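Laboratory data are not the source of any read-out in this text; all were calculated from the coordinates shown. Owing to the predicted nature of the structure, the values given are computational and were not obtained by experimental measurement. Glycine gets a Cβ as well: all are built from the backbone with ideal geometry, and neighbour counts include every protein chain shown.
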Amino acid sequence: MVSQMSNQNAPLEYTIAITTSRLDCCRNLVESTVYDETAMWWFVDTEFDGFLSRVLNERPSREVRLRSLVMYEVYRRLVPFLRALQTILIRSILFLYKKTGARRTESTLRKIMFTAQNIEWRPVRDNDTGQIRMSDAFFDSTMKNLARECECMGVYPLWTSYRGVAISRLIRNLKILIEKWTNWYVPHIPFELYWSPATTRTEREAHAYFLRKWRQLGNDRTFKKICLQKGATIGRRIENQVEYYFRVTFPSVASYIDIAERMIEKEKPRLVMIQNENGLFERCLVVACRRLGVPTLAVQHGDIDPYRSGYMCMRDQMSADVSERSRSFPIPNMTAVFGPYYRDLLTRLCGYPENAVVVTGQPRCDRLFSAKKIYSRESFLERHGIVSSNKVILWTTQCHVLGVEENSRNLKAVISAIREMKDTTLIIKEHPGERGRYRTMIERYLHEQNVDAILLSGNADTYELLFTCNLLVTKYSTTAMEAVAMGRPVIILDLNSKVASAAIDYVEEGVALGVHEENALRPAIERLVSGDTELSSSRKRFVKKYLYRIDGKASERLIGLVCQMIGINQGARED
């Protein structure tokens, strides 16, 4: 695999060299992180790859400093007190709202647990009625029908983190908890509620173990030599990062796995459904379920990038039996993917077993099939005061994963292009993961340039915007894929093209135009809004390859797979 990627992704190649090279003190870096028969490295591999990418490409990176380790030592001693307080707080909130909340009841139905991310809690439009309600945007269409067959239960951390959490985010998460508890038809329980005082003992034991391990690894001559391959400065930064993992992350992961095991033992789900299975919390669930014999089903949530870790491990790092308790890369028992491209990527380029990946389509895209029934362009334009004859250009941002310079260039390019176009309205839709400072940045720039654009939050209905717009501008958001499925022309605005940015090359696939210079954006927009015949001919093939079918039945196929895994019926066949 290294030979296939070395020219495209030096950070991933370097990651593989660091993690697989024979060391003096042990077999390799991954082996040195094994604790309780689980290789903890797989909980930081994605983060480490991103860290290396930023460092090697000389982009800003959050540095691990001595102060971080000192603060953690203080925090670690306060953990029992803080965890007890959070448990009391959560139970108080659930008790306070129990009269109106979605209370848990005993049920004879098979229990399905799923990861209900707070970022996905937003207004959702029903595929059948078009009515708007608050729900989990990712799992809504699936849970709506699965709840008829099974007892469904959402779970997600409020603030479990070895780095702490901002007060503003904590308040937001508590607000979401109350909203879910009072307004959702699915019971939702915070992950922290399953904490036990014994968990603190688990974390202390893991901390002592990994501190001894780091002392061995930190003095390993071969490890130091590998770190220094890119120079002394980068080498020290890499060592600091790995030390942080051993002294902070790995002990915390041990405690999270302990909490996850307690949760599984108490709730006794027949199946756990996961999105973002590369996340730290989600991988803890996968490991806990492995140990307790509970099957896991991962549902693809976005692009799978062949040039980053997270999915792209080598075959000898992955167990052939995904259900066994092992030190291998922790993959779920089954992974449901959007289209044949992703199935082939995971089973051929990576080490996923052939029978562990199933094509279902994207459940969220079921709404695209019903778009003409539930959306009205005229209604949207009237609601936002847009002249009906205007061309609508939609820009979906990814400010939170881009640097300051690139964000500034993107703003300048998009606003300059639209400002000079007549009878054109710009709609800017923020990514759900963007924080308030990015919105402030955009608002300030719009004010300075005296541009009357419509800025919508990450909670806005993306499919309604795609249905309404004449053209989409983005960098590598999955909105590009969905825009193609809706028959909209796409422009990939990549002003920092020296770094690979997307799993899918939309331009190479023939469904988008690429723009790499600021002054080239306006001509590209004018060219496509006047006619996109050059792109339309490739859309059908693209959809089949990446999304399988837009037939409104992806949720049914996913539910069929769930039922098959828990023994309700045969289900889940690609028809």
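Structural remarks
- Taking other C-beta atoms within 10 angstrom as a stand-in for reagent exposure, Met481, Met486 fall in the order Met486, Met481, fewest first.
- P(r) for the chain, from all Cα pairs and a bin width of 20 Å, is 19, 54, 26, 1 %, short bins first.
- Counting lysine pairs in the stretch 355-444 whose alpha carbons fall under 26 angstrom apart, excluding pairs fewer than 8 residues apart on the same chain, gives 9.
- Positive-end residue of Ala84, Trp181, Val124, charge dipole of the stretch 73-194 with Cβ unit charges: Ala84
- The distance between label points at Glu420 and Tyr75 comes to 4.8 nm (points 7 Å beyond Cα on the Cα→Cβ vector).
- Cβ crowding within 10 Å ranks Leu471, Leu96 as Leu96, Leu471, fewest other Cβ atoms first.
- Computed about the Cα centre, the dipole magnitude for the stretch 371-546 is approximately 400 debye when only Lys and Arg (+1) and Asp and Glu (-1) carry charge, each at its Cβ.
- When the Cα positions of Val529, Asn519, Gly433 are compared along the charge dipole of the stretch 425-575, Gly433 comes out farthest toward the positive end, with charges on each C-beta of Lys, Arg, Asp and Glu.
- Rounded to the nearest 20 debye, the dipole magnitude of the chain is 1380 debye, with +1 charges on Lys and Arg beta carbons, -1 on Asp and Glu beta carbons, and the Cα centre as origin.
- Sorted peptide list for 225-233, 336-344, criterion being average Cβ within 10 angstrom, highest first: 336-344, 225-233
- Tensor-based shape of the stretch 421-502 (alpha-carbon gyration tensor, a/c under 1.5 rounded, otherwise prolate or oblate): rounded
- Cβ-Cβ FRET estimate between Cys25 and Arg527, R0 fixed at 60 Å, reported to 0.05: 0.50
- Between His516 and Asn390, the simple label model (points 7 Å from Cα in the Cβ direction) yields a spacing of 3.3 nm.
- Here Lys224 is the anchor, and the lysines within straight C-alpha reach of less than 25 Å, apart from those fewer than 8 places off in the same chain, are Lys213.
- Three-way shape label, the stretch 73-194, alpha-carbon gyration tensor, a/c 1.5: prolate
- Net lengthening on full extension, Thr222/Arg172 (0.36 nm per residue, minus Cα-Cα): 13.4 nm
- Rounded if a/c under 1.5, otherwise prolate or oblate - the stretch 371-546, Cα gyration tensor axes: rounded
- Segments 251-260, 15-24, 529-538, 557-566 sorted - mean Cβ within 10 Å per residue, highest first: 251-260, 557-566, 15-24, 529-538
- Across the options Ile112, Leu292, Ile331, the greatest Cα extent toward the positive end of the charge dipole of the chain (unit charges at beta carbon of Lys, Arg, Asp, Glu) belongs to Leu292.
- Between Ala198 and Arg133, the simple label model (points 7 Å from Cα in the Cβ direction) yields a spacing of 3.9 nm.
- Residues Leu394, Leu69, sorted so that the one with the fewest Cβ neighbours within 10 Å comes first: Leu69, Leu394
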